[in-house]
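Written below as structure tokens is the structure these notes are about.
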Amino acid sequence: MKIKLATSCFIISTLLAPIAAYAEDRDADRMHPMTYVKDSAITAKIKAKLAGEKMASLAHVSVDTDSKGEVFLSGNVRTQADADKAIVIAQNTEGVTSVTSKLTIKKDD
């Protein structure tokens, strides 16, 4: 019984190893811990400002920041004004060098 269990675990781990390797974070600019902390701080500032606007549409905006201070916005907003507001908030955040928006306008949630 123990041999069957050990064999099963070995086979499962062998089959899952390539998946685990593929799922590894391959973002080279985040290999240094301080870079990741800086990116996270910028992202957190932007998300806090978006939440402070208390517009339900802005809750669906995803924010990602790379090591150079470039911010990427994605998600759905209700109006073009909401999209513009999110972009302006990101641009006016300390540490941001540029903003790329992939926000889509979607009237229905």
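Laboratory data are not the source of any read-out in this text; all were calculated from the coordinates shown. Small disclaimer: the values here were computed from a predicted structure and weren't measured. Heads up, the Cβs are rebuilt from the backbone with ideal geometry, glycines too, and the neighbour counts pull from every protein chain shown.
For A6 and T97, the difference between the fully extended length at 0.36 nm per residue and the C-alpha to C-alpha distance is 27.5 nm.
Using label points projected 7 Å from each Cα along Cα→Cβ, tell me how many nm separate A81 and I105, to one decimal. Result for the modelled spin labels: 1.2 nm.
Straight-line cross-link partners of K47 among the lysines, defined as a Cα under 19 Å from its Cα and at least 8 positions apart when in the same chain: K38, K68, K85, K102.
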